[in-house]
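What follows is a set of notes on a single structure, which appears directly below.
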Amino acid sequence: MRPPVAHDPRTGALRARPRLHAPAPGWSIDADVVVVGSGVAGLTAALRCEAAGLTTVVVTKARLDDGSTRWAQGGIAAALGEGDTPEQHLDDTLVAGAGLCDEEAVRILVTEGPDAVRRLIATGAQFDESTDGGLELTREGGHHRRRIAHAGGDATGAEISRALVEAVRASGRGEREAPSAKGGGGRRVGMRTIENALVLDLLTDAEGRTAGITLHVMGEGQHDGVGAVHAPAVVLATGGMGQVFSATTNPAVSTGDGVALALRAGAEVSDLEFVQFHPTVLFLGPDAEGQQPLVSEAVRGEGAHLVDADGVRFMLGQHELAELAPRDIVAKGIMRRMRETGTEHMYLDARHFGAEMWERRFPTILAACRAHGIDPVTQPVPVAPAAHYASGGVRTDSSGRTTVPGLYACGEVACTGVHGANRLASNSLLEGLVYAERIAADIASTGLHARVPQPLPTAERPAHPLLPPEARFAIQRIMTRGAGVLRSEASLAEAADRLHRLHADARDALDENGKTAEPGVDTWEATNLLCVARVLVAAARQREETRGCHWREDRPERDDTAWRRHIVVRLNPDRSLAVRTTDTTDFPPTLPQAQEQ
């Protein structure tokens with residue numbers, strides 16, 4: 001039996017790829033496309049693929065509506081207002097991206113964005129309207145115009161998720177099962193969803209092309225245990241990796257699974273050092289861990305002020321937009337004032353809104369604050385930065401293709417080049433929409449789905465060692481201390497050393513004694529977190545400057561001559577990291593032309 005192989009994206013050579021230590025799949029189903037993730041990017045891609053006549057399977061880690069999208073408060077940015085233009089939206093995005101945006105990727109986003117939002121509305125999403133019946137648009141940090149559409153005041157993500165989930169479930173009700181000679185499930189015509197399923201690894205064929213995924217269903221699906229979906233196209237829409245830090249706005253499921261899978265499959269990851277720390281997260285104490293309540297940028301967009309304990313508006317004079325500066329500038333302003341005053345948080349003062357505005361415009365935030373003993377109507381809200389969004393991810397081209405043939409990525413897991421060194425507020429939902437649609441169009445037009453996948457057995461791949469569940473908390477503390485909002489060569493070196501020891505101990509135990517932690521959701525998640533943490537720290541050490549949301553205390557200046565370029569990382573077959581820097585701000589093509597079909 002031939003060992004599994006994958007193409008090295010730069011040399012074209014065939015090389016064995018590691019996989020997570022897991023049982024062999026005990027069941028399988030077939031599809032044209034498998035979409036991993038159920039946020040705005042994943043569900044949009046799935047709906048468009050299904051509409052193109054492709055047999056589509058959606059795999060999601062929890063319930064369909066439990067991804068990061070539902071937590072998005074602020075809204076979705078697009079040039080939909082009178083006097084606004086895609087060119088103005090482009091300019092604001094490029095400024096926020098601090099010199100590292102791919103301008104063509106941004107142009108695609110802002111020109112295709114308005115129609116993508118209209119199609120989302122046609123799907124069933126209901127946005128808040130003004131008194132004249134048009135969309136009620138607001139401003140957020142970095143935007144010079146009101147172009148943020150929102151729903152339910154501050155529940156935009158929940159409304160988008162509701163509309164897309166309903167559309168997917170309606171599509172799934174029309175499916176039927178076609179006969180299969182393989183057994184174990186057969187091919188479904190239409191849409192199928194598999195909930196409570198953790199994706200494990202990419203399946204590939206003898207040529208290194210995508211042939212599906214392995215996954216583990218966590219007890220509530222139609223199948224239990226490890227199985228496989230065989231498909232010639234896989235779309236990663238797994239969201240972020242905020243759980244790599246102790247405090248984050250991301251839900252518990254955001255453990256970097258998609259980025260880790262892509263790395264093990266041989267795909268390139270770029271710009272992972274640019275983790276956006278949202279400046280205004282409800283401060284719950286210095287020892288708070290896990291998901292923290294977000295206080296949306298839209299609160300500042302409506303006129304809330306950032307103040308210190310003495311009521312001083314410290315952002316005045318630091319940027320022309322003051323509290324509405326891009327997020328990296330506001331986060332740095334807050335951190336500086338905290339250091340100057342020796343305090344652990346600042347305050348967001350919106351008492352002048354009054355009870356009626358709080359209840360109408362920000363009901364979700366009001367309820368979250370009151371649940372933690374803070375009443376924004378009568379009190380300033382204590383806030384501090386927390387990990388929020390990964391601007392980098394799996395490197396893709398303008399059609400969402402990665403460096404592995406047949407593997408696509410969109411949404412937060414992807415690096416399209418749109419965000420550069422710092423995401424502009426409310427561009428993430430739009431990116432998920434626009435690039436998901438482009439992926440579906442590419443899969444449908446290239447005929448990729450016509451190829452019958454022939455996955456090679458997973459059992460002969462070299463296993464990736466698993467970490468014990470408690471390693472998750474060790475990784476989070478290492479990353480928060482060494483690679484958080486403020487970084488330095490010393491802090492990053494210490495983080496790299498401690499992460500390497502975790503990796504080396506697990507690797508040596510497996511290589512020398514055949515021992516590893518027991519396969520399971522907790523150990524797979526901890527292992528994925530270590531994988532993405534190692535890459536993030538390696539990239540952050542490499543970038544010896546301060547740019548966007550990457551803040552090096554020891555390198556406080558932006559250096560366009562040396563560092564206006566991207567850092568690209570791959571995982572070698574021996575599990576070591578290969579780190580390189582691009583020659584220019586442009587990404588090289590993801591796939592040689594000969595491999596595109």
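The values are calculated or read from the model by the stated rules, or taken from the named source; none is laboratory data. What you see is a predicted model; the values in this text were computed from it and never measured. Note: ideal-geometry Cβ built from the backbone for every residue, glycine included; neighbour counts use all protein chains shown. Quick note on the areas: whole protein, heavy atoms, side chains included, nothing else; ligands and nucleic acids left out. Shrake-Rupley method; radii C 1.70, N 1.55, O 1.52, S 1.80 Å.
Key figures
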item	result
Conditions (1) at pLDDT 95 or above; (2) in a strand (DSSP E or B); (3) within 23 Å of VAL117 (Cα to Cα): number failed by VAL383	(3)
Selection status of THR44, more than 17 Å from the chain's Cα centre (by Cα), assigned to a helix (DSSP H, G or I), at pLDDT 95 or above and crowded, with 24+ Cβ neighbours inside 10 Å	no
Meets criteria (surrounded by fewer than 24 Cβ atoms within 10 Å (Cβ to Cβ) and either of a type in the set (D, E, K, R) or closer than 22 Å to PRO232 by Cα (or both)) for GLU431	no
Residues (under 13 Å from VAL295 (Cα atoms) and part of a helix (DSSP H, G or I)) located in the stretch 358-380	TRP358, ARG361, PRO363, THR364, ILE365, LEU366, ALA367, ALA368, CYS369, ARG370
Residue in the stretch 471-502 that is most open to solvent (accessible area, probe 1.4 Å), counting only those that are charged (D, E, K, R) and either within 18 Å of GLU557 (Cα to Cα) or without any contact (Cβ under 8 Å) to a residue 12 or more places away in the chain (or both)	ARG501
Single condition GLY266 does not satisfy, out of (1) closer than 30 Å to ARG209 by Cβ; (2) open to solvent by less than 10 Å² (accessible area, probe 1.4 Å); (3) under 13 Å from the mean Cα position of the chain (by Cα)	(3)
Residues of the stretch 566-576 that turn out to be surrounded by 13 or more Cβ atoms within 10 Å (Cβ to Cβ) and either without any contact (Cβ under 8 Å) to a residue 60 or more places away in the chain or part of a helix (DSSP H, G or I) (or both), as a count	1
Enumeration of residues in the stretch 475-500 that are among the hydroxyl-bearing types (Ser, Thr, Tyr) and over 22 Å from the mean Cα position of the chain (by Cα)	SER488, SER491
Filtered residue count, the stretch 47-83, keeping only those that are among the hydrophobic types (A, V, I, L, M, F, W, C), within 18 Å of the chain's Cα centre (by Cα) and either surrounded by 24 or more Cβ atoms within 10 Å (Cβ to Cβ) or not in a loop (DSSP other than H, G, I, E, B) (or both)	6
Considering residues of the stretch 337-370 that are of a type in the set (A, V, I, L, M) and touching a residue at least 40 places away in the same chain (Cβ under 8 Å) only, the residue surrounded by the most Cβ atoms within 10 Å (Cβ to Cβ)	MET346
Hey, ARG19 surrounded by 20 or more Cβ atoms within 10 Å (Cβ to Cβ), modelled with pLDDT under 95, farther than 20 Å from GLY240 by Cα and not small (Gly, Ala, Ser) or not	yes
Breaking point among (1) open to solvent by less than 10 Å² (accessible area, probe 1.4 Å); (2) under 18 Å from THR69 (Cβ atoms); (3) modelled with pLDDT under 95, for ARG300	(2)
Positions within the stretch 487-516 being at pLDDT below 90 and either among the hydrophobic types (A, V, I, L, M, F, W, C) or closer than 24 Å to ALA288 by Cα (or both), in sequence order	ALA509, LEU510
Flag if ARG139 is open to solvent by 30 Å² or more (accessible area, probe 1.4 Å), within 21 Å of GLU302 (Cβ to Cβ), among the basic types (Lys, Arg) and touching a strand residue (DSSP E or B) at 6+ places or on another chain (Cβ under 8 Å)	yes
Wholly enclosed strands (runs of 3 or more DSSP E) of the stretch 241-357 bearing at least 2 residues closer than 21 Å to ARG543 by Cβ	275-282
Any hit, the stretch 470-482, residues being touching a Lys or Arg at 6+ places or on another chain (Cβ under 6 Å), assigned to a helix (DSSP H, G or I) and over 28 Å from GLU344 (Cβ atoms)	no
The listed residue being free of Cβ contacts under 8 Å to residues at least 40 places away in the same chain, more than 26 Å from ALA98 (Cα to Cα) and either touching a strand residue (DSSP E or B) at 6+ places or on another chain (Cβ under 9 Å) or surrounded by fewer than 20 Cβ atoms within 10 Å (Cβ to Cβ) (or both), out of ALA288, ALA260, ALA309, ALA322	ALA309
Flag if ALA421 is within 24 Å of ALA41 (Cβ to Cβ), part of a helix (DSSP H, G or I), in contact with a Lys or Arg (Cβ under 6 Å, 6 or more places away or on another chain) and open to solvent by less than 30 Å² (accessible area, probe 1.4 Å)	no
Residue in the stretch 146-153 that is over 17 Å from GLU431 (Cβ atoms), open to solvent by 10 Å² or more (accessible area, probe 1.4 Å) and of a type in the set (A, V, I, L, M) present	no
Unmet requirement for VAL394, which otherwise passes all of (1) in a strand (DSSP E or B); (2) modelled with pLDDT under 95; (3) under 18 Å from ILE567 (Cβ atoms)	(2)
Odd one out for SER445, checked against (1) among the hydroxyl-bearing types (Ser, Thr, Tyr); (2) farther than 20 Å from GLN243 by Cα; (3) in contact (Cβ under 8 Å) with a residue 24 or more places away in the chain	(3)
Residue pairs meeting the criteria (Cβ under 7 Å; at least 6 apart or on separate chains; first over 17 Å from THR85 (Cα atoms), in the stretch 125-144; second of a type in the set (D, E, K, R))	ALA125/GLU159; GLN126/GLU159; ASP128/GLU136; GLU129/GLU136; SER130/GLU136; GLY141/GLU297; GLY141/ARG300; GLY141/ARG327
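To keep it simple, each residue is scored yes or no on (1) assigned to a loop (DSSP other than H, G, I, E, B); (2) open to solvent by 70 Å² or more (accessible area, probe 1.4 Å); (3) in contact (Cβ under 8 Å) with a residue 40 or more places away in the chain.
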position: GLU512; (1), (2), (3): no, yes, no
position: LYS515; (1), (2), (3): yes, yes, no
position: ALA526; (1), (2), (3): no, no, yes
position: CYS531; (1), (2), (3): no, no, yes
position: ALA540; (1), (2), (3): no, no, yes
position: ALA562; (1), (2), (3): no, no, no
position: ARG580; (1), (2), (3): no, no, no
position: LEU591; (1), (2), (3): yes, no, yes
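Each row is one residue, and each column tells you yes or no for (1) touching a helix residue (DSSP H, G or I) at 6+ places or on another chain (Cβ under 6 Å); (2) touching a residue at least 40 places away in the same chain (Cβ under 8 Å).
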{"residue": "ALA31", "(1), (2)": "no, yes"}
{"residue": "LEU54", "(1), (2)": "yes, yes"}
{"residue": "VAL57", "(1), (2)": "no, yes"}
{"residue": "ALA62", "(1), (2)": "no, yes"}
{"residue": "TRP71", "(1), (2)": "yes, yes"}
{"residue": "GLY83", "(1), (2)": "no, yes"}
{"residue": "PRO86", "(1), (2)": "yes, no"}
{"residue": "ALA105", "(1), (2)": "no, yes"}
{"residue": "GLY113", "(1), (2)": "yes, yes"}
